[in-house]
Amino acid sequence: MTNELVLRFQKVLREQLRLLPEQKVLAAVSGGRDSVVLAHLLKTSQQNFAIAHVNYGLRGTASQQDAVFVKKMAADLQVEYFEKRCDPADFQQNLQEKAREVRYSWFAELCEVQQFAGVMLGHHQQDQAETVLMALLRGRGSKAVQGMQVQNGLRLRPLLDFTVSEIATYAQEAGLQWVEDLSNQQDAYERNYLRLNVKPLLDARFNQWEGLVARQAQQLQGYQQLLQAQTELWAPKVVHQMKPHWHQWHLSPLADLPYADLLISELARPYQLGQQLTEALLALRHLSVGKQLDAGKWLVTRTITGFDWHQPAAVQDFLLQIDGPGTYKLPAAHLVVAQGTGFDASWEQFDADELKFPLQIRSYKAGDRLSPLGMHGSKKLSDLFNEAKWSTYQKATALVLADQNRIYWVIGLRRSTFALRSASTNALVAFKIKHD
């Protein structure tokens with residue numbers, strides 16, 4: 001059994017993780033049986049490695065004894081030892097989440113500074129099955145249900161396909177010693193609760209459930225890779241980044257796809273919506289034009305063609321006084337103001353006798369009205385925006401040329417009937433936008 005397990009382990013190192021024996025890796029060792037077996041398998045496989053241990057100090061003397069044990073084991077194995085000592089006071093809230101954050105952050109730092117190829121973690125098949133089950137019970141979504149991967153960035157899990165029984169047998173046959181964390185016998189935490197209370201019931205009724213769940217997770221990871229390839233294929237047809245804070249999605253290419261919702265969910269992953277908001281986004285797809293979803297820092301609006309995304313926090317009110325001819329800086333553009341005659345059609349032109357400085361370039365305000373050229377009376381800018389099919393972002397960033405009494409020009413859309421050029425015009429004030 002021992003030799004067979006070593007050979008399987010070495011196959012994972014060389015074929016799945018593609019590690020050369022001389023490549024140095026970091027082994028995360030708590031002192032428990034699984035991590036001790038991991039370290040000894042690395043030594044037996046002649047893999048270049050060092051040991052890292054996190055001493056959270058949460059169990060008083062027991063925590064110190066664990067650290068002493070792991071340090072001695074590193075010395076016995078003749079490998080380098082790294083230890084991080086923590087202040088227990090830092091773990092008063094969200095203990096497990098905080099502890100996880102601390103150790104993975106430290107592991108990543110060690111890998112960068114010491115040039116390790118990755119950090120070896122002792123997760124096995126039972127851990128995988130528990131992870132998948134917890135993801136299902138929490139409603140974490142399709143990606144979480146795929147469980148852990150043998151390789152995920154710097155995190156390497158060579159024991160993921162090994163059963164607890166195989167690991168226990170190896171430890172016994174190799175005469176290994178380890179420490180027991182008594183907190184693992186308390187069911188206050190969800191994983192311990194599943195392990196102590198739910199697992200025995202599943203074992204009694206479905207004695208191979210862990211292996212079956214782990215294999216399903218592996219298959220789902222394969223499906224995820226296929227979905228990712230499809231997502232990369234469809235992304236250029238759907239997602240159009242107009243500006244860093246404004247994206248437009250055209251959903252018509254996905255209209256006849258039976259797996260459109262899967263693609264939309266995957267395309268939305270970079271927006272970090274989470275499961276609940278992703279489901280709301282899918283529902284928005286079937287709502288009427290103009291309906292909106294507050295998705296954290298993004299506001300998503302249903303449009304005729306799909307979705308309009310923009311970040312309201314990135315849009316700030318703008319106000320700039322125009323005192324006369326010159327060049328003025330606008331958001332992502334420059335405004336050139338000139339006075340004279342002979343301007344071509346690329347300039348927005350006004351009668352200089354009727355348009356008096358100072359003027360303002362300011363943000364659109366709710367309730368603003370314009371007397372559009374070619375129309376009688378005035379009209380709300382919001383109605384003009386809708387007629388022009390302007391996006392939510394375009395409306396939020398709209399700028400107008402105005403004085404204290406009226407709006408003369410909605411930049412990029414319409415001008416007013418005021419200060420028109422006529423046969424009696426002697427001089428013009430002209431404006432031109434030059435985009436950066």
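The values are calculated or read from the model by the stated rules, or taken from the named source; none is laboratory data. Since the model is a prediction, treat every value here as computed from it, not as a measurement. Every residue, glycine as well, gets a Cβ built from its backbone with ideal geometry; the counts of neighbours run over all protein chains shown.
Selection of first residues in the range 412-423 that are in a loop (DSSP other than H, G, I, E, B) and of second residues that are surrounded by 15 or more Cβ atoms within 10 Å (Cβ to Cβ) and among the hydroxyl-bearing types (Ser, Thr, Tyr), restricted to Cβ pairs under 6 Å at least 6 apart or on distinct chains, gives the following pairs, ordered by first then second residue: Thr417/Ser371; Phe418/Tyr408. When the residues of the range 96-144 are filtered to those that are assigned to a helix (DSSP H, G or I) and of a type in the set (Phe, Trp, Tyr), the one that is nearest to Glu279 (Cα to Cα) is Tyr104.
Rundown of residues vs (1) over 30 Å from Leu251 (Cβ atoms); (2) assigned by TED's automatic domain parsing to the domain that holds Ala280; (3) surrounded by 13 or more Cβ atoms within 10 Å (Cβ to Cβ); (4) of a type in the set (Val, Ile, Thr), yes/no style:
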site: Leu299; (1), (2), (3), (4): no, yes, yes, no
site: Thr305; (1), (2), (3), (4): no, yes, yes, yes
site: Asp308; (1), (2), (3), (4): no, yes, yes, no
site: Thr327; (1), (2), (3), (4): yes, no, no, yes
site: Ala332; (1), (2), (3), (4): no, no, no, no
site: Val336; (1), (2), (3), (4): yes, no, yes, yes
site: Pro358; (1), (2), (3), (4): yes, no, no, no
site: Ile361; (1), (2), (3), (4): yes, no, yes, yes
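So, Phe9, is that one of a type outside the set (Val, Ile, Thr), assigned to a helix (DSSP H, G or I), touching a helix residue (DSSP H, G or I) at 6+ places or on another chain (Cβ under 7 Å) and buried (at least 17 other Cβ atoms within 10 Å of the Cβ) or not? The answer is yes for Phe9.
The residue list Gln241, Gln248 contains one member that is touching a Gly at 6+ places or on another chain (Cβ under 8 Å), in a strand (DSSP E or B) and either within 30 Å of Leu42 (Cβ to Cβ) or polar (S, T, N, Q) (or both), which is Gln248. Of these, Gln115, Gln93, Gln172, which one is under 23 Å from Val6 (Cβ atoms), polar (S, T, N, Q) and either out of contact with any Ser or Thr (no Cβ under 6 Å at 6 or more places or on another chain) or touching a residue at least 12 places away in the same chain (Cβ under 8 Å) (or both)? Exactly one of Gln115, Gln93, Gln172 is under 23 Å from Val6 (Cβ atoms), polar (S, T, N, Q) and either out of contact with any Ser or Thr (no Cβ under 6 Å at 6 or more places or on another chain) or touching a residue at least 12 places away in the same chain (Cβ under 8 Å) (or both), namely Gln172.
Output yes when any residue across the range 148-160 is in a helix (DSSP H, G or I) and either within 25 Å of Gln65 (Cα to Cα) or among the aliphatic types (A, V, I, L, M) (or both), and no when none is.
Quick first cut of the range 148-160, residues in a helix (DSSP H, G or I) only: none.
No, that holds for no residue.
For every residue, the table says whether it meets (1) more than 24 Å from Phe418 (Cβ to Cβ); (2) assigned to a loop (DSSP other than H, G, I, E, B); (3) in contact with an Asp or Glu (Cβ under 9 Å, 6 or more places away or on another chain).
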position	(1), (2), (3)
Leu287	yes, yes, no
Gln316	yes, yes, no
His334	yes, no, yes
Ala338	no, no, no
Gln349	no, no, no
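Has the range 55-70 got at least one residue that is surrounded by 15 or more Cβ atoms within 10 Å (Cβ to Cβ), under 34 Å from the mean Cα position of the chain (by Cα), of a type in the set (Val, Ile, Thr) and in the same structural domain as Glu180 (by TED's automatic domain parsing)? So far as the range 55-70 goes, no, none of its residues is surrounded by 15 or more Cβ atoms within 10 Å (Cβ to Cβ), under 34 Å from the mean Cα position of the chain (by Cα), of a type in the set (Val, Ile, Thr) and in the same structural domain as Glu180 (by TED's automatic domain parsing).
Applying a threshold of 8 Å to beta carbon distances and a minimum spacing of six or more residues, or different chains, the list of pairs starting in the range 210-229 at a residue that is more than 14 Å from Glu130 (Cα to Cα) and not assigned by TED's automatic domain parsing to the domain that holds Gln146 and ending at one that is of a type in the set (Lys, Arg) and in a helix (DSSP H, G or I) reads Gln224/Lys143.
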